[in-house]
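Before any comments, here is the structure.
The values are calculated or read from the model by the stated rules, or taken from the named source; none is laboratory data. Being a predicted model, the structure only gives us computed values, none of them experimental. Backbone-built Cβ (ideal geometry, glycine too); neighbour counts: all protein chains shown. Calculation scope for accessible area: heavy atoms of the full protein, side chains included, ligands and nucleic acids excluded. Shrake-Rupley method; radii C 1.70, N 1.55, O 1.52, S 1.80 Å.
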Protein chains: 2
Amino acid sequence: MFTFPKPDVEELLQSISIIDFAVSPDEKQLLFCSNFSGKYNLWGMDLPNAFPYRLTFNDQPSEGLLYDKEGRFVIAGFDQDGDENTQFYALKPHGGALKQVVYQESTRNFNPLLSKDGERLYYTSSKGNPSYLNSYCLDLRTGEETTVLEGSGGATYIAEVSEDETTILYSKHFTNTNSLYYAKVGDEEILLTPPTDQEHTVSFAVLVSPTEVYLVTDYEADFSYLAKFDLETKTFTKVKEVSKEGFTTLTYDKENQILYIIAEKGVEDRLYAYHLEDGTWERIEIPCDLIGKLVVAKSGSLYLLGRGSTKLGNIYKREQGEWVQLTRNKMAGVAEEDFIAPKVVTYPSFDGLEIEALFYQPKEEHDKGEIILWPHGGPQHAERKSFNAIFQYFLSNGYSIFAPNFRGSTGYGLAFTKMVERAWGAGPRLDHIAGLDWLIEQGYGSKGEFIVMGGSYGGYMSLLLHGRHADYFKAVIDVCGPSNLFSFISSVPEDWKPVMDAWVGHPEKDREKLIEYSPSTYVDQMTKPMLVVQGANDPRVVQAESDQIVEALKEKGRDITYIVMEDEGHGFAKKENEIAVFRQILAFMEEHAGRKVNV
Amino acid sequence: MFTFPKPDVEELLQSISIIDFAVSPDEKQLLFCSNFSGKYNLWGMDLPNAFPYRLTFNDQPSEGLLYDKEGRFVIAGFDQDGDENTQFYALKPHGGALKQVVYQESTRNFNPLLSKDGERLYYTSSKGNPSYLNSYCLDLRTGEETTVLEGSGGATYIAEVSEDETTILYSKHFTNTNSLYYAKVGDEEILLTPPTDQEHTVSFAVLVSPTEVYLVTDYEADFSYLAKFDLETKTFTKVKEVSKEGFTTLTYDKENQILYIIAEKGVEDRLYAYHLEDGTWERIEIPCDLIGKLVVAKSGSLYLLGRGSTKLGNIYKREQGEWVQLTRNKMAGVAEEDFIAPKVVTYPSFDGLEIEALFYQPKEEHDKGEIILWPHGGPQHAERKSFNAIFQYFLSNGYSIFAPNFRGSTGYGLAFTKMVERAWGAGPRLDHIAGLDWLIEQGYGSKGEFIVMGGSYGGYMSLLLHGRHADYFKAVIDVCGPSNLFSFISSVPEDWKPVMDAWVGHPEKDREKLIEYSPSTYVDQMTKPMLVVQGANDPRVVQAESDQIVEALKEKGRDITYIVMEDEGHGFAKKENEIAVFRQILAFMEEHAGRKVNV
């Protein structure tokens, strides 16, 4: 009857996200955090009905959503417009005014945990120990607070408190590739992996009985596996590994004595169940490529927030072995099959190291022959099969996207991940150039015709590539990227600073390298049009990082556009900002691809 | 554990509304119009799942939501920011870009109807006949359009087209208390009520077979009843009446041969089923006080949008005789039982006529002893048991609300409704004063201490009461009220103009009365602080109505505040405007109640 206009690419910018959820102990309510109303707020659903009602009006995304076990209240953390000074609030499960529970201005607060009776809140805070953090127990009835952990050596986070509150599991984070777990039993502090000089990580640990801890570690291995630690005998035992998969998360079903394990297999996730009683191991099919969160209810029911390269984030419940989709977050007028999935490609880097990349190509009829190189953030992170509305937006506008998991990325083993440490601008940079050369060889693009765009470390890499390889690019977009590693390492949050030497470098000992790796060293060679975007409240990459490079380039009369978002931190939490910025980025790209659009 | 702050009254302003819905022929999808995202848009649900996904992004409420019977597309009407120049668009049932179907700038378009095969759209338009309207049939395949009705005598609206498209039901609206229905069968035009000089209304008619029409009329009665008209024998038969209830709407279940009848019983609705096959009549309990919309699916399933004085609007489905609530629109942190229900009171007016009023009183602990007199709009309308977040907002702030169904209101019979005609400022005004005197007698309030607030006719009445009875009030709020009946009757939409003589008065023949009834006549006596709110796009009460009274009072140096909403029409369609204005209204009230608040 009607020929409908093809999906308006503008609508892709309107996609909403579900970023966290929790299920009430009786499974009658599900809370989730979503930008349904343009800004993030908490919403509730009365299961099995899925119609959401709004619970908060503060327009901030929540952190650490936690039900009181008797369902009397919910604890949620909120920062202010991206400043990451998360504070904890209580609210009634059906919403209403927020009550401040932990509110200590200019502190960073983490990992809220409730005692079984819901009367004590354990949490980690920068209060009193900004570099290494302390953990506290707040009596919610009396307001009295005691210190339960004093951080030292590395940022020290509380992870679990046993039901009788005599055992505490906690982690020490030295770097992203060097982190340990401990149990504090009374006054005894027990390291959960055998002592060794070799750096490794323990990324998760759970108590399954007063004396048994299961953990995920890459102790003496390249990929993380499941291990067990006996607190009485102090014995560490490897339990289960899967080749080329790195385990990341444990979720314990006490009712059925099952440990659920999420594993990273390159750009996808896997879910496994390990039955403690008989040691059986099974893979559980998931309705998505990636698991954002897995929750096991008291009854043993599984709830999952999942997404994929062509699937928006949605919440599912497992019933009789089948995943039932509870939420129906979808994109107006665009069917799942109309989204573009990436090809997973590999190419050899300058030194022969194999690099995996996601390569998104627009439908032939839209293809403009333009390629965006997308260095991901982190850098110890990965570009994986996650729905990305912005990618779909650029694809619909005819742009290809090439996103390599350069050395330093996660998902390819510990050794691979470590390769970016104190080498931010070395191998990873050349992996990007090798990727572009591969694209040229394959006939996809031409030198000088690429666009580079990235955020955070990806913004840093965009700047560095611009400064050192300007001849590959015609336009550069940097979203909150560090421009000068010296000022960057001195301006990160206090609890990040102990990590900086091993992660980025020491300002004196590594002076030459930091100069070599700093984009600001190459201002003279940054000759291509550039767009810089920065959140004014960003505590990770502070505004001065963008200010200084913009200032330097302006002084040289270069073609530079600068957007500062006053109410954002490290990224976008407000739909209207995101839409405005990405419209402007598209216009900028179109201009330098010889096209003009109105914004 | 926690003493939560009492519900933040601000949250009451955040309540969302569901104002329209439609169900797909296969009942697998439900569309609804809601301001979930702050502005009205269409949302969908994949039944039985109730999680909504957004379908439109134009931020306008829809009119005349209509499914193609094969589910290929949906027709929806949208105006622009309240200008009421509704145009019709098609969209895919899962959303996306809108396609213009009927788009004729500066025309008003009404009552879209689809042919059974979905290939022709019938509708009524001001195009070509701005006073009386024409109806057209647009071939959606070829774009060809034919005129099927030429309006004359009164605004002429198409109401139904028979399946074979040989019979058209249409109505002629002379005034709100004088309207007729006709059937056009081929070239024959058949009046569906017997000829009479006595004014009456036919408010609804449906074809149940090629020759049988059921209708709702108050022909030779004070309250509307169900009647039948035989198109062959031309016989009119009264079928069913219920004492003191006025029938308003018919919904026909062809599958089961049932007519559903909505009846007004004063401030509440009733629902009845009339079984055509055996003539049985039953009352159906409803889960609400008022029915916003009733839809019968092809299968015979009933869907209802209902609300009540303490119930937000929600959609229900009837299953096995029980109403199942599909949507869970509720207010954060406020339970239904925390809302205040009105008392229904009656008082004798100046001439002994009994007036029914809704009287909302705050909880004792909040009560400030302040009373807001609320003259409703219309005026041929009524204040009924409808959830009103704004009322709850004022109640939570300690204000009582007194809302009389003054003479002219609907729900109390045709004669009562007619009492406002050509007497806008006569009896209805004195009914309000009698209400205030009753409140004083009962000890609720004192002369000089009342606040009056109203919108549309209620704004007019607020102005008039201010001008003629200033000694009763300490503050006055007028939202888009006509201030001068001469300019008002010449500035309404063209299709309203034929109604004006009988409804308001003739500028020459009724000159003296119109002067007497115009608030602008009493500018000198308007001595109390006043707040005026107006939508710039309002086509019913144009901005000049507010401009002129504000200007006149400013010239006299009176205490007057004026708010013009640039992107609104006759009322509020955008949450942020509504919130901003009602915060300011509250601040204004508090100021004149001797209190100050920040906005």
Somewhere in region B:68-76, is a residue part of a strand (DSSP E or B), among the aliphatic types (A, V, I, L, M), more than 10 Å from chain A (Cβ to nearest Cβ) and in contact (Cβ under 8 Å) with a residue 60 or more places away in the chain? no
Out of (1) surrounded by fewer than 16 Cβ atoms within 10 Å (Cβ to Cβ); (2) at pLDDT 95 or above, the odd one out for B:GLY594 is which? (2)
Only listed residue being under 16 Å from B:ASP253 (Cβ atoms) and more than 14 Å from chain A (Cβ to nearest Cβ), chosen from B:GLY300, B:GLY308, B:GLY292: B:GLY300
Could you please let me know if B:GLY64 is touching a Ser or Thr at 6+ places or on another chain (Cβ under 8 Å), part of a strand (DSSP E or B), more than 10 Å from chain A (Cβ to nearest Cβ) and surrounded by fewer than 22 Cβ atoms within 10 Å (Cβ to Cβ)? yes
Looking at the structure I just gave you, is A:ILE75 surrounded by fewer than 22 Cβ atoms within 10 Å (Cβ to Cβ) and either closer than 28 Å to A:GLU578 by Cβ or not small (Gly, Ala, Ser) (or both)? no
Taking region B:102-116 as the search range and keeping residues that are touching a residue at least 24 places away in the same chain (Cβ under 8 Å) and either surrounded by fewer than 17 Cβ atoms within 10 Å (Cβ to Cβ) or assigned to a strand (DSSP E or B) (or both), which one is nearest to the other protein chains (Cβ to nearest Cβ)? B:LEU114
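Yes/no matrix, rows are residues, columns are (1) among the hydroxyl-bearing types (Ser, Thr, Tyr); (2) in contact (Cβ under 8 Å) with a residue 60 or more places away in the chain; (3) open to solvent by less than 30 Å² (accessible area, probe 1.4 Å):
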| residue | (1), (2), (3) |
| --- | --- |
| A:TYR181 | yes, no, yes |
| A:ALA205 | no, no, yes |
| A:VAL208 | no, yes, yes |
| A:GLU241 | no, no, no |
Where the second residue is modelled with pLDDT of 90 or more and among the polar types (S, T, N, Q) and the first is more than 20 Å from B:GLU10 (Cα to Cα) and lies in region B:325-343, which pairs have Cβ atoms under 6 Å and are six or more apart or on separate chains? B:GLN325/B:ASN314; B:THR327/B:ASN314; B:ARG328/A:ASN49; B:PRO342/B:SER309
Pick out, from region B:453-542, the helices (runs of 4 or more DSSP H) lying fully within it that include 3 or more residues that are closer than 30 Å to B:SER135 by Cα and either open to solvent by 20 Å² or more (accessible area, probe 1.4 Å) or not small (Gly, Ala, Ser) (or both). B:485-491, B:497-503
Yes or no: region B:225-234 includes at least one residue that is among the hydrophobic types (A, V, I, L, M, F, W, C), assigned to a loop (DSSP other than H, G, I, E, B) and farther than 21 Å from B:ASN178 by Cα. yes
Residue count, region B:268-295 (criterion: open to solvent by less than 40 Å² (accessible area, probe 1.4 Å), out of contact with any strand residue (DSSP E or B) (no Cβ under 6 Å at 6 or more places or on another chain) and in contact (Cβ under 8 Å) with a residue 60 or more places away in the chain): 1
Restricting region A:39-51 to residues that are touching a residue at least 40 places away in the same chain (Cβ under 8 Å) and surrounded by 17 or more Cβ atoms within 10 Å (Cβ to Cβ), the one nearest to the other protein chains (Cβ to nearest Cβ) turns out to be A:ALA50
Which residue, of A:PHE88, A:PHE2, is part of a strand (DSSP E or B), more than 21 Å from B:MET331 (Cα to Cα) and either under 26 Å from the mean Cα position of the chain (by Cα) or within 9 Å of another protein chain (Cβ to nearest Cβ) (or both)? A:PHE88
Out of all the residues in region A:9-26, which are away from chain B (no Cβ under 11 Å) and open to solvent by 30 Å² or more (accessible area, probe 1.4 Å)? A:SER17, A:ILE19, A:PRO25, A:ASP26
So, in region A:9-29, of the ones that are among the aliphatic types (A, V, I, L, M) and within 23 Å of the chain's Cα centre (by Cα), which residue ends up nearest to B:GLN325 (Cα to Cα)? A:VAL23
With the requirement that a residue be open to solvent by less than 10 Å² (accessible area, probe 1.4 Å) and among the aromatic types (Phe, Trp, Tyr), what does region A:117-133 give you? A:TYR123
Check on B:LEU226, aliphatic (A, V, I, L, M), farther than 22 Å from B:PHE416 by Cα, modelled with pLDDT of 95 or more and crowded, with 20+ Cβ neighbours inside 10 Å: no
Filter region B:459-476 down to residues that are within 24 Å of the chain's Cα centre (by Cα) and farther than 14 Å from B:GLU545 by Cα, then give me how many there are. 2
Residue pairs within 9 Å by beta carbon, gap of at least six or interchain, first lying in region A:140-168 and closer than 14 Å to A:LEU113 by Cβ, second acidic (Asp, Glu) and in a loop (DSSP other than H, G, I, E, B), listed first then second, are A:LEU140/A:GLU119
So, in region B:245-289, of the ones that are among the basic types (Lys, Arg) and over 21 Å from the mean Cα position of the chain (by Cα), which residue ends up farthest from B:ALA205 (Cα to Cα)? B:ARG283
Please find, within region A:320-352, the residue that is most open to solvent (accessible area, probe 1.4 Å) out of those that are more than 8 Å from every other protein chain (Cβ to nearest Cβ) and under 21 Å from A:GLU27 (Cα atoms). A:GLN320
Considering residues of region A:210-223 that are over 22 Å from the mean Cα position of the chain (by Cα) and part of a strand (DSSP E or B) only, the residue surrounded by the fewest Cβ atoms within 10 Å (Cβ to Cβ): A:GLU212
